[in-house]
1. Within the range 123-137, can one find any residue that is of a type outside the set (Asp, Glu), under 23 Å from residue 78 (Cα atoms), touching a Gly at 6+ places or on another chain (Cβ under 7 Å) and modelled with pLDDT of 95 or more?
2. For residue 141, which of the numbered conditions (1) open to solvent by less than 70 Å² (accessible area, probe 1.4 Å); (2) closer than 26 Å to residue 34 by Cβ; (3) among the acidic types (Asp, Glu) fails to hold?
3. Among the residues of the range 70-81 satisfying the criterion of being of a type outside the set (S, T, N, Q) and surrounded by 18 or more Cβ atoms within 10 Å (Cβ to Cβ), which is farthest from residue 123 (Cα to Cα)?
4. For the range 119-172, please list each of the strands (runs of 3 or more DSSP E) lying entirely inside it that holds at least 3 residues being aromatic (Phe, Trp, Tyr).
Amino acid sequence: EATAETEAPADTEETDTEETDTEEPDAIADYTVDSSDSTTWVYFNLNDGAIVPGASDSSTDWDIKMQRYVIALNSGVSGEGTVQGFAEVGSYDSYGDVSEVPADASWSVDEPDSNNDGKPEYVLGDWFNYDFATHVLTPKDVIYFIETPDGVFKLRVVDYYNDVGDSGFLSFDSEIVQ
């Protein structure tokens, strides 16, 4: 059974600061989803920060779905929703500093297979580097922006393995930016 775990940010210690008119951004949410079953999609709502039990491709109450290393959007060939995505390459390490969608964002949906590999062209399909020697997946230097009916979220994949090294446990950061 799939579960999502959230961890409190490490920097939640209280400090004495001056009060200002600006609001502090919401805390970054860290999620781990067991998507290790290669025959079952796990549906996730970014706004709720939770798995959507009983969801299907035809429902619109989820934003992304995961199966092993595949992450799909609820739109295009992957679902009936209106979710769109955009990849910002070269920004992985500055994730915490990203507070808005880049002005040059070019939104896309999951498209039908165009390169004859038998798989759709997923907007988030290129999130990892694959080491042919070790067969290990590691996150690429990319942040994704995901436009949902609830707002725009930034997302970066943190890991694909659980604490004991089992694959199919997608860990990611996600936070609303607008």
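The values are calculated or read from the model by the stated rules, or taken from the named source; none is laboratory data. Remember, it's a predicted structure, so these values are computed and weren't measured experimentally. FYI the Cβ positions are ideal-geometry reconstructions off the backbone, even for glycines, and counts take in every protein chain you see. Each accessible area value is taken on the protein alone, full model and side chains, heavy atoms only, with ligands, DNA and RNA left out. Shrake-Rupley method; radii C 1.70, N 1.55, O 1.52, S 1.80 Å.
1. yes
2. The one condition residue 141 does not meet is (1).
3. To start, the set of residues in the range 70-81 that are of a type outside the set (S, T, N, Q) comprises 70-73, 76-77, 79-81.
Going one step further and asking which of them are surrounded by 18 or more Cβ atoms within 10 Å (Cβ to Cβ), we end up with 70-73, 76, 79, 81.
On the way: 70: 10, 71: 8, 72: 7, 73: 7, 76: 10, 79: 13, 81: 14 Å.
If we take residues in the range 70-81 being of a type outside the set (S, T, N, Q) and surrounded by 18 or more Cβ atoms within 10 Å (Cβ to Cβ), then 81 is farthest from residue 123 (Cα to Cα).
4. Numbers: elements: 128-131, 136-139, 142-148, 151-161.
Per the criteria, 151-161.
Matching residues to (1) open to solvent by 40 Å² or more (accessible area, probe 1.4 Å); (2) at pLDDT below 95; (3) touching a helix residue (DSSP H, G or I) at 6+ places or on another chain (Cβ under 9 Å); (4) not basic (Lys, Arg):
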{"residue": "19", "(1), (2), (3), (4)": "yes, yes, no, yes"}
{"residue": "22", "(1), (2), (3), (4)": "yes, yes, no, yes"}
{"residue": "29", "(1), (2), (3), (4)": "no, yes, no, yes"}
{"residue": "47", "(1), (2), (3), (4)": "yes, no, no, yes"}
{"residue": "60", "(1), (2), (3), (4)": "yes, no, no, yes"}
